[in-house]
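*Asks:* Here's a structure for you.
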Amino acid sequence: MCRAFTLSLHERGQIKVLSTAGYTVKQIADVVKRSRKAIINFLRYQEEYATKKSSGQPGKLNNREERTILWTVPNSPINASGIRRTCGIDVSKSTVWRMLNKCPNIVRSRMKKCPQLTQRHKDKRLCFGEIYARTLTLFNPKFRWRMCYGTG
């Protein structure tokens, strides 16, 4: 069986009133429709009920630092240590990774390497540049002025 929800404020008030009126735990459980164990625990520890202390070490990043990281990351190919440097945050890179993995909207992946240019590609690019460098300068008014009059 799974754990039930904590008692609501209304149920807690009912339990207090019925308990002071002299009802037994079984009668209170029948009225409130909760287990006897839940009623006993509430009556025994009324002040501490539903005030569980947080367990574990508190996080290193505050909300502002988390927002800064999430704002920096989506459009940049930088790695975790680069993110730390750009955001100016003094935490380990694994902490940054953990924070990024927690956010469902950000999916980090390794960048793919592009193929190296072969000599044939380099020659074709150079040829293209030589052909269109002359064409583009004719239509640019600044260059047309230089070609006609020879001054800047």
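*Asks:* Name the pairs whose Cβ atoms lie under 6 Å apart, with the first residue in the range 43-55 and within 15 Å of L9 (Cβ to Cβ), the second surrounded by 10 or more Cβ atoms within 10 Å (Cβ to Cβ) and among the hydrophobic types (A, V, I, L, M, F, W, C), and 6 or more positions between them or separate chains?
*Replies:* Y49/F42
*Asks:* Let me ask something additional. How about the range 6-23: which of its residues are surrounded by 11 or more Cβ atoms within 10 Å (Cβ to Cβ) and over 41 Å from the mean Cα position of the chain (by Cα)?
*Replies:* Selection gives Q14, I15, K16, V17, L18, S19, Y23.
*Asks:* Going through the range 16-71 one residue at a time, which ones are in contact with a Ser or Thr (Cβ under 6 Å, 6 or more places away or on another chain) and basic (K, R)?
*Replies:* K60
*Asks:* Give all pairs with beta carbons closer than 8 Å in which a residue from the range 93-120 that is modelled with pLDDT under 85 meets a residue that is in a loop (DSSP other than H, G, I, E, B) and loosely packed, with under 11 Cβ neighbours inside 10 Å; count only pairs at least 6 apart in sequence or on separate chains.
*Replies:* Within 8 Å, the pairs are M111/P77.
The values are calculated or read from the model by the stated rules, or taken from the named source; none is laboratory data. All of these numbers come straight from a predicted model, not from anything done at the bench. Neighbour counts run over all protein chains shown; Cβ positions are idealised from the backbone, glycine included.
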